[in-house]
Amino acid sequence: MSSGAASAAEDAAAAGASGAAAVEELQVTGHKLEDSLPEELAQTGVKVDVITDLAIRNGGYIDIAQSLQALAPGLYIQAKNGPFDYVDISLLGSRTQDVLWLVDGIRINNRLYAGTTPLDTMPASMVSRIEVLEGGQALFYGTQAVAGAVNVVTRPFSTSPAGMATIGADTNGGRHLDSFFSNSIGRSQFVVYGSADTSSGFDAFRKQDYQPSATDRSRGYDVYTLGGKYAYNFTDQIQLSAAYQHTDAKLDYALPYRVSREVNTRQEDLVSLKLDYDVNDRLSFYVKGYYHKWHTTYETEYNDLAKPGTIDVLYHDAFWGYKDYGVNVLGKLLLTKGVETYFGYDVQSYGGRDDVLVITQQDETTQAGFAQLRLTHDLIPNLNLAAGVRYSSPSVGRSATIWNVSGQYDLPWSMYVKGDVGTNFRLPTAEELFANDPQDERGNPGLQPESSSSLNASFGGLFDMASRPVNWEVTGFARNIKNLINYATFDAATGQDVFGNVAGTVRVRGYEASVNAELSDAVSTKVSYTHNSSHPEGAPQLIKIPTSLAKVFLDYHPPELPIGVTLSAIYTGDVYNTVSGKRLDYGNYGVFDLSGRYFFGKDRHQTLNLSVQNLFDRQYGKPAKGCLDVPTDSPNACSAPYTYVNLGLPRTFRATYSYEF
C-alpha cells in the first residue's frame, strides 16, 4: 500500500469523524510545490499526521495547543495554565526545544529562547489543517527540527464564495468570536480571517499554594488575530501570492505569590510574498520572502511585604522581542522517469534583545543550501527512496552539515515498511550565546550546535474489517544527541551559570503504535500509544518528558441524524520536574474531553457545539518553585522558597454557534 493510500485512509477517518466527505490525501488545495511538500515527504517514508479544522471545531478547542494536545498522536503538550500560555512539549521523546513550529511554511520559533514556544498566541480558528511531521526534518526545515516539525496551514483560497462565523463562551469568563471569507474574482483569489479570544481566567493554583500577597489570582488572556491572503494567477503556471497576519495579545503570567500584576503585552506580525512557477512538466520552483516581528512588553508589579499596601514596580514596559526575515527558494526537477531532485537555498537574518534577562541587541544571519535526490516507484516498482544533504553556515557560531535517507517499500496484502535515518542539528539561541544577567546566567558565543543522529522505522498497513477501513502502524525510533547545550559551568566570581556544550550523549529510544478505523457508518476512532526513554549517559530520564502517552479519539456521527458526539481521552505516564534539587513526580493521570454538536437546516449550515473539557475535573499540573511571604531586603528576592503546582485547565463548559455560508 502506498503512503498516499495510508494517508487517504487516515484522512477519511478524520473526515468521517467530522461528518464531512472524505478529503484526498493531505488535503492539498493546490498544485503548488510548498503546499505538497509534506505529502511528498510522506511518500518517501516520513510519518505525517494531519489534524483537520473540522476535528478541532468538533472538539470545541479554541487554541492550537489544546487541539494538538487532544488530537495529535504521539505529541505531548502540557500548558502552564490553560489556553494561550507557555507549554511543555515532547515528540518522540524530545525536549520542547527539539520541535520546529511553522505557519504556512514560515518558521515562528522564538529566536531568543529555545524553550519558549509560539503557541501562546495561536488561535485554532485560523487553521485549515495542522501537519505534524515526525522524526528529524532538518533537511528541508533547518535548525530545531530535531524530533519533528509542526506546520500550521491557515485558511485556504477557494474558487467560489465560502465563509463561516462563530461565537462562543465558556465558564472561565471566556468569550470567543471568529470568522473567515474566501472567494475568487477572475484570476485573483483572496481570503480574510479574524478572531477574538478573551477570558477573565481561572485560579491557576491550588488553594494551599496561594500566598496572601498574591492579589491577582485569575489567569486570563486577550488575543486578537487578523489575517489575509491574496493571490494573482498570471497563467495556470505562474502565481504571485502575499499573506499578512497580525496578533495583539495581553497574557497574564500567573504566580501564586506577591504578584499584583504581571502581564506580557504582545504585538506580532507575519508577512510573506511568494512567486510559484511551474515551468513545465519537469521543472517547478518557488521563491518566498518573509518577515516576522515578535515584540513584547513586560509589566511586573509586586505587593511589598515589608510595606503592606505598597506596590513595587519591578518592570515597566520592559521590552523583549526579535525580528526574523529572509528568503527561501525551493525547486523540483524531474531528471528522467522515476528520478527527480529537490534543491533549495535559505538565508535567514534575525536579531533581538531582552531587557529583563539582559540580552543586548544581537543580530545574526544563517545561510543554507540543500538538495535531495529521489527514486520513485516509476523506476523501481513499489519503492520510493530519497537521500539528501544540507549545509548551514551561521554568522555566529559554527557551521553544520547534515544528511538524510528515507524510503518506503509497499508489501503484498496492503502492507508497507518505511523509515528514515540521518542527522539533525540545533543552532544556539540568543540566550545561549549572549545572555548576561548579573543575577542568573551568561551566554557563550563559542557554543557548538547540538548535533544528533536518528532512526525511525515503521511497519504498517490497511485492511478491511467488516468492509470498513482500518489503518495501523508501529514505529520504532532512536536518537542520539551530542554537544547538548545547557548550563555547563558556574562562575563563582560573578555568581552566574554559564552555558556550554555538555559532554556525553543523550540517548532517546522508544516506539509508537497507532490505529485509525471506521467502525461503522456512524463511528470512527483513532488510538495511539507512545513509549520512550530519554537519558543522558548515567542519568535518569530528562525532566518534563513523559515515559508513556496514550490517546483515544472516538466520534459518533450518524448520517441520518443531525447530531454528532466526540470523546477524547489522554493518559500521561511517568513524568517529573526538579524543584530546588528535588525530584517531584506529577504524571500518571488521565484527562477526558466530551463534546456534542447539533446541525440546523437542511444543508447543515448552522451548528451548535457544546463541550466539556477535563470532564471529571482532574487536578493535574507541573510543580515549580515559589516564595513564601517572608519580608526580604529586595522585593524580588526569595529567602523562603516553597513548592507549588501550575494547574492545568479545570472542568470547563463551552458553547459555540457557527454559521457557514
Global form of the range 45-131, assessed from the alpha-carbon gyration tensor, a/c cut-off 1.5: rounded
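Seen from all sides and averaged, what is the projected area of the convex hull of the Cα atoms in the range 79-222, in nm²?
Details: hull surface 46.4 nm².
Mean orientational projected area (the range 79-222, Cα hull): 11.6 nm².
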Leaving out same-chain residues fewer than 8 places away, which aspartates and glutamates sit with a Cα under 13 Å from that of K293? D248, E268, D269, D324
Lysines with Cα under 25 Å of K307, excluding same-chain neighbours fewer than 8 positions away: K207, K625
Between Q367 and N588, with labels modelled 7 Å along Cα→Cβ, what's the label distance in nm to one decimal, could you check? 5.5
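Count charges around F434 for me, please; just the other residues with Cβ under 12 Å from its Cβ, Lys/Arg as +1, Asp/Glu as -1.
Working: positive: R111, R353, R442; negative: D354, D363, E364, E431, E432, D437, E441.
Taking every other residue near F434 into account, the sum is -4.
Which peptide among 164-175, 371-382 comes first, and what is the full order, when sorted by highest mean count of other Cβ atoms within 10 Å? Please list the in-between numbers first.
Values: 164-175: 17.4, 371-382: 15.8.
The packing order, highest mean first, is 164-175, 371-382.
Local charge sum around S520 (other residues, Cβ-Cβ under 14 Å, Lys/Arg +1, Asp/Glu -1)? Mind showing how you got there, number by number?
Working: positive: R468; negative: D464, E518, D521, D555, E560.
Cβ neighbours under 14 Å give a net charge of -4.
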Whole-Å distance linking the alpha carbon centroid of the range 508-535 with that of the range 345-410 is 29
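What pairs in K332/K418; K250/K544; K418/K482; K544/K582 have C-alpha atoms more than 19 Å from each other? Don't skip to the end; give the middle numbers.
Numbers: K332/K418 23 Å; K250/K544 27 Å; K418/K482 26 Å; K544/K582 14 Å.
Result: K332/K418; K250/K544; K418/K482 exceed 19 Å.
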Inter-label distance, nm, simple model (7 Å from Cα along the C-beta direction), A169/A492: 6.3
Packing rank of 648-654, 334-340, 39-45, where each peptide gets the mean count of other beta carbons within 10 Å, highest leading: 39-45, 648-654, 334-340
Least to most buried among I106, I51 (fewest other Cβ within 10 Å first): I106, I51
Using a 10 Å cut-off on Cβ atoms, rank the peptides 56-69, 293-306, 555-568 from the highest mean neighbour count down. 56-69, 293-306, 555-568
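Net charge near L330, counting Lys/Arg +1 and Asp/Glu -1 over other residues with Cβ under 15 Å of its Cβ? Display every interim value, and only then the final one.
Working: positive: K32, R107, K274, K288, K332, R374, R390; negative: E34, D35, E39, E40, D104, D276, D278, E340, D346.
After counting each charged neighbour, the total is -2.
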Can you list the residues of the range 310-338 with backbone N under 19 Å from a point 7 Å past the Cα of V287, pointing along Cα to Cβ? 325-333
Would you calculate, for the chain, the mean residue ellipticity at 222 nm contributed by helices, counting each DSSP H stretch of 4 or more residues as -39,500 (n - 2.57) and dividing by all residues, to the nearest 500? -2000 deg cm²/dmol
R0 of 25 Å, Cβ-Cβ distance R261-D440: FRET efficiency to nearest 0.05: 0.65
Placing each pseudo-label 7 Å from Cα in the direction of the beta carbon, A466 and S158 end up separated by a distance in nanometres of 3.6
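Where a number appears in this text, it was derived from the coordinates with a stated rule and is not lab data. Bear in mind that the values here come from a model prediction, so they are computed numbers and not experimental data. All Cβ positions, even for glycine, are placed from backbone atoms using ideal geometry, and neighbour counts span all protein chains on display.
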